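Asks: Below is the structure I would like to discuss, written out as structure tokens.
The values are calculated or read from the model by the stated rules, or taken from the named source; none is laboratory data. As the structure is a prediction and not an experimental result, all values here were calculated from the model. Cβ coordinates were reconstructed from backbone atoms using ideal geometry, including for glycine residues, and neighbour counts include every protein chain displayed.
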Amino acid sequence: MHRKERNQLIAGAAALLGLGAGLHLLDGWLHTNPLAASLIGAVVVDLVGGRLGLKWSDQEGLTARLKGLAFLRGFGSGIGIALAVVVVAALLRWTTVTRGSPSIVGLALGFAAPLALAARDELLFRGLPMALARGRVKDRWLLPFVALLGAAPIVLQPGATLIGVVLAVCSGGFYAVCWRLGRGAWIAWGAHAGWSFMAGAGVHGVLLDAWFNDGVLVPAARAHGAVAWLAALLFAIAALGSLHWASRPRSPK
């Protein structure tokens, strides 16, 4: 690595640390309004990251329709993992599932917060580091690194649990794979938002009503119980399965 590139990487890493620290302070300042903190954070990371080479997509000329389809593809995968956790938990009698009581306000709030939080965290913990490391660090090192990076803020939170950190690493690994396979943020953003919505408001009254006997899934810092370990396992399987699917040889048409 040339000296100029090394200096650029160091400057980018310093900016990443500064952004992370600033957003951590913002979360504390706006602790009574996490939606506003996430929205402001997402805008700040997008603006600063854009100056450091962060892009929502590496594919030039991607239409709004294709962006939307990529987001929905990811959103569906996030919801699918959350539903798989609920189904397995119900089969093991860790929870009893009943129909939820959806409302327009509940759906709006249930969707808005995960969308903002997922955008901020994906840009900060996956998109920006991957942009800084583009062409400098190989994926076999980069993907595990950004998976671990997403768990760093959880370690700093009071009352953080071991499984909370493990779940953040496993889910972060899956989102990192989504970034790489989707060549940008759209699938990863959708997957993160889909999981956050369904594992939170979605199964707690908005669409379904499933309260686990012993365990919590979100927020990740307070995740605990067998159900959280199950979620971490499913995320790990999804990440490894996606990598295997992407690397399999394609038959000529």
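Asks: Considering only helices (runs of 4 or more DSSP H) fully contained in region 147-212, which possess at least 3 residues that are at negative phi and buried (at least 21 other Cβ atoms within 10 Å of the Cβ)? Steps first, answer last, please.
Replies: Numbers: elements: 152-156, 162-182, 186-197.
Ranges flagged: 162-182, 186-197.
Asks: Could you grab me the full set of residues in region 163-183 that are touching a strand residue (DSSP E or B) at 6+ places or on another chain (Cβ under 9 Å) and farther than 14 Å from Leu72 by Cα?
Replies: Ile163, Gly164, Arg183
Asks: Quick one: is Val86 surrounded by 12 or more Cβ atoms within 10 Å (Cβ to Cβ), part of a helix (DSSP H, G or I), modelled with pLDDT of 85 or more and in contact with a strand residue (DSSP E or B) (Cβ under 8 Å, 6 or more places away or on another chain)?
Replies: Yes.
Asks: Something else: What is the residue count in region 83-112 for residues that are in contact with a Ser or Thr (Cβ under 9 Å, 6 or more places away or on another chain) and closer than 12 Å to Gly202 by Cα?
Replies: Number satisfying all stated conditions: 1.
Asks: When you scan region 156-168, do you find a residue that is closer than 24 Å to Trp56 by Cβ, in contact (Cβ under 8 Å) with a residue 12 or more places away in the chain and more than 10 Å from the chain's Cα centre (by Cα), even just one?
Replies: Taking every residue of region 156-168 in turn, none turns out to be closer than 24 Å to Trp56 by Cβ, in contact (Cβ under 8 Å) with a residue 12 or more places away in the chain and more than 10 Å from the chain's Cα centre (by Cα).
Asks: Now a separate question. Suppose the filter is of a type in the set (A, V, I, L, M), farther than 13 Å from Ala116 by Cα and out of contact with any strand residue (DSSP E or B) (no Cβ under 7 Å at 6 or more places or on another chain); does Ala14 pass it?
Replies: Considered against the rule, which asks whether it is of a type in the set (A, V, I, L, M), farther than 13 Å from Ala116 by Cα and out of contact with any strand residue (DSSP E or B) (no Cβ under 7 Å at 6 or more places or on another chain), Ala14 comes out as yes.
Asks: Let me ask something else about it. Looking at Leu124, Leu143, which one is in contact with a helix residue (DSSP H, G or I) (Cβ under 6 Å, 6 or more places away or on another chain), in contact (Cβ under 8 Å) with a residue 60 or more places away in the chain, assigned to a helix (DSSP H, G or I) and closer than 30 Å to Leu9 by Cβ?
Replies: On the way: Leu143 fails: in contact (Cβ under 8 Å) with a residue 60 or more places away in the chain.
Result of the check over Leu124, Leu143: Leu124.
Asks: Yes or no: Ala108 of a type in the set (A, V, I, L, M), within 19 Å of Trp189 (Cα to Cα) and surrounded by fewer than 14 Cβ atoms within 10 Å (Cβ to Cβ)?
Replies: Numbers: of a type in the set (A, V, I, L, M): yes; within 19 Å of Trp189 (Cα to Cα): yes; surrounded by fewer than 14 Cβ atoms within 10 Å (Cβ to Cβ): yes.
When the stated conditions are applied, Ala108 passes them.
Asks: Among all residue pairs at least 6 apart or on different chains, which show Cβ distances below 7 Å where the first residue, located in region 78-100, is under 20 Å from Gly173 (Cβ atoms) and touching a residue at least 24 places away in the same chain (Cβ under 8 Å) and the second is among the β-branched types (Val, Ile, Thr) and assigned to a loop (DSSP other than H, G, I, E, B)?
Replies: Short answer, once both residue conditions are applied: Ala82/Val203.
Yes/no per residue for (1) surrounded by fewer than 12 Cβ atoms within 10 Å (Cβ to Cβ); (2) assigned to a helix (DSSP H, G or I):
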{"position": "Thr32", "(1), (2)": "yes, no"}
{"position": "Gly53", "(1), (2)": "no, no"}
{"position": "Gly61", "(1), (2)": "yes, no"}
{"position": "Gly76", "(1), (2)": "no, yes"}
{"position": "Ala82", "(1), (2)": "no, yes"}
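Asks: Any residue that is under 18 Å from the mean Cα position of the chain (by Cα) and touching a residue at least 40 places away in the same chain (Cβ under 8 Å) - is there at least one of those in region 206-216?
Replies: Looking through region 206-216, none of the residues is under 18 Å from the mean Cα position of the chain (by Cα) and touching a residue at least 40 places away in the same chain (Cβ under 8 Å).
Asks: Any residue that is at pLDDT 90 or above, in contact with a Leu (Cβ under 8 Å, 6 or more places away or on another chain) and either under 23 Å from Arg6 (Cα atoms) or in a loop (DSSP other than H, G, I, E, B) (or both) - is there at least one of those in region 98-106?
Replies: No, region 98-106 has no match at all.
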